[in-house]
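First the structure, in the form of structure tokens, and then the observations on it.
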Amino acid sequence: MKYTFQDSTEFPVQRDFIQDLQDFISISKEAIPLEKSIIGIKQGNREETAISQSRLEEIDKFQRDVVDYIEERTQGTESTEILEIKAKTIEASSNISLLKKNERLEDIDKQNRLALMEAQQLETRILTTLSPFFETCIYGAENAYYASAQDKEMKGKQVSSVNGLQYEFELNFVHSSLKVEDLQELTLPVWAKSGILSREEKVKKMDVSDFHIISVEYEGKSVKTVLQDKDEEHMFTISADDMTLMILYGDHDITGDEKLAPLIDREALYMFTAKLKEFFTKSVESRRLKRVLLDGKNAIEENIVFDCLKLIAGIYGKLVRECIEKGYTKEEVTIKMEESASVRTEKYISKSEASSELSSIGNEGMELATILGVAEA
């Protein structure tokens, strides 16, 4: 499928932009009200806590006033009975004051825990709502992938970023463990001792096909992986990009060894690293959005998801304006889809439809419509 503007010039992003735009509107309609609810819960909790704190201060003040009054009324009194009544009255007042303060503190703690639980449930719903959109629909994001064996099970994460927005996925793989042979057969040259008496070091091709892949890092064009045998006796670290290759056997640099370096099958190694890259697309069973950061701040906890949506709207807005400029009508956002030379279709969304859907959210939706370039004049 090929995507173009209505004037048949190539679309910068080879995706169904109209569907992505509709999905963006949909997740905005879900996420923004959820965030508003969280803000409301937190504000309500702060107000309730402030009221409770005020009650605590009133109890303290009343207790002090009672003691001051009793002290004043009994000043100069030497009567044993009066002094005994004074002491017991102050003690009783102190005890009941402490009791009521503890009750109020328990109420504060209960209210805080309830508010936190409600907020966390809504935060989880926001992440669930955003997750499928964030997987593929944020254009221009740079992705980094990491995988490592934890308790004999391969776990992974994807960290993506664009324009100050960073988001992290937890990755679950199809297979719980990964060996080199799951990708391809591989041998690496090493120095090995041979002979019974002299124990001379000789060059040996070590078959690492049954080695476990302990960790993988894939950032940009660079891949780094650690391989280890089941007895944890031998370990290799392989780092590669388009320009360089480095292989460490323990601490020994094989690629820097003038006798070992020529024996490296570079073609096989680059094929291996290419398959490691593919592992993060072909072997991922599921992704779960775990964290969203904006300029280093946790967007969910700080209630700035709307700011994240505005950033995405800015990315989309440039394409919306270009669609309108290259389209035949200024009231529609249109793209063309070419399945073959003979099968071509158009897909569009009217500005009024997009604006109407977003305006249902309130002021936030109207602001997104303006950023997207679909707001009605």
Fill in the blank from the handout: Taking max minus min of the Cα coordinates of the stretch 1-72 on each principal axis, largest first, gives extents in Å of 94, 17, 16
Practice task
Taking the Cα centre of the chain as origin, work out the dipole magnitude from +1 charges on Lys and Arg Cβ and -1 charges on Asp and Glu Cβ, in debye rounded to 20.
Solution key: 560
Exercise for the section: Holding the Cα-Cα limit at 27 Å, pick out from K282/K336; K277/K297; K202/K275; K230/K282 the pairs that are longer than that. Expected result: K282/K336; K277/K297; K202/K275
Practice task
Take the chain, connect every pair of alpha-carbon atoms lying under 10 Å apart with a spring to form a Gaussian network, then pick out the residue of D265, D151, D20 with the largest mean-square fluctuation.
Solution key: D151
Practice task
Go ahead and estimate [θ] at 222 nm for the chain from helices alone: -39,500 (n - 2.57) per DSSP H run with n ≥ 4, summed, over the residue count, rounded to 500.
Solution key: -16500 deg cm²/dmol
Exercise for the section: Would you mind counting up the charge near Y167? Only other residues with Cβ under 12 Å from its Cβ, with Lys and Arg at +1 and Asp and Glu at -1. Expected result: +1
Practice task
Report the one residue of S93, L116, Q53 whose Cα lies farthest in the direction of the positive end of the charge dipole of the stretch 46-133 (charges on C-beta: Lys and Arg +1, Asp and Glu -1; origin at the Cα centre).
Solution key: L116
Practice task
Using a 1.4 angstrom probe, figure out how much accessible area the chain has per residue, in square angstrom, rounded to the nearest whole.
Solution key: 57
Exercise for the section: Could you list which residues have their amide H under 5 Å from that of F11, counting only those 5 or more apart in sequence or on another chain, with H placed in the peptide plane? Expected result: Y3, T4, F5
Handout entry: Distance (nanometres) between label positions extended 7 Å along Cα→Cβ at I70 and K152
Key = 6.8
Problem - lysines with Cα under 17 Å of K290, excluding same-chain neighbours fewer than 8 positions away - result: K155, K157
Problem - Within the accessible area of the stretch 165-288 (1.4 Å probe), percent carbon and sulfur - result: 47
Exercise for the section: Run the numbers on the chain and let me know its relative contact order in percent, using alpha-carbon pairs under 8 Å that are six or more apart. Expected result: 20
Exercise for the section: Select from K336, K36, K204 the residue whose mean-square fluctuation is largest in a Gaussian network model of the chain (Cα-Cα springs shorter than 10 Å). Expected result: K204
Handout entry: Rounded FRET efficiency, nearest 0.05, which uses the C-beta distance separating R125 from E302 and R0 of 22 Å
Key = 0.85
Handout entry: Most positive-pole-ward Cα, I264, G250, V226, against dipole of the stretch 165-288 from beta carbon charges
Key = I264
Problem - Most mobile of L34, L188, L311 in a GNM of the chain (Cα contacts under 10 Å) - result: L188
Exercise for the section: Scan the stretch 251-336 for chymotrypsin sites (Phe, Trp or Tyr not before Pro) in coil per DSSP, keeping those whose Cβ has at most 15 other Cβ atoms within 10 Å, and list them by number. Expected result: Y328
Fill in the blank from the handout: FRET efficiency (S176, T345; Cβ distance; R0 41 Å; to 0.05) is 0.45
Exercise for the section: Sum up the charges of everything whose Cβ sits under 12 Å from the Cβ of E103, counting Lys and Arg as +1 and Asp and Glu as -1, but leave E103 out. Expected result: +2
Completion exercise
Of the candidate values (1) 20, 33, 26, 15, 6, 0; (2) 28, 63, 9, 0; (3) 26, 60, 14, 0, the one computed for P(r) over Cα pairs in 20 Å bins from 0, in percent from this structure is (1)
Handout entry: Fraction of accessible area attributable to carbon and sulfur, the stretch 36-135 (%, probe 1.4 Å)
Key = 52
Problem - With at most 14 neighbouring Cβ atoms within 10 Å, loop GluC sites (Glu not before Pro) (DSSP) excluded, longest segment of the chain - result: 79-184
Exercise for the section: Work out the count of Lys pairs in the stretch 36-135 where the Cα-Cα distance is under 20 Å, with the pair 8 or more places apart or on different chains. Expected result: 9
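The values are calculated or read from the model by the stated rules, or taken from the named source; none is laboratory data. No experiment lies behind these values; they were computed from the predicted model shown. Glycine gets a Cβ as well: all are built from the backbone with ideal geometry, and neighbour counts include every protein chain shown. Quick note on the areas: whole protein, heavy atoms, side chains included, nothing else; ligands and nucleic acids left out. Shrake-Rupley method; radii C 1.70, N 1.55, O 1.52, S 1.80 Å.
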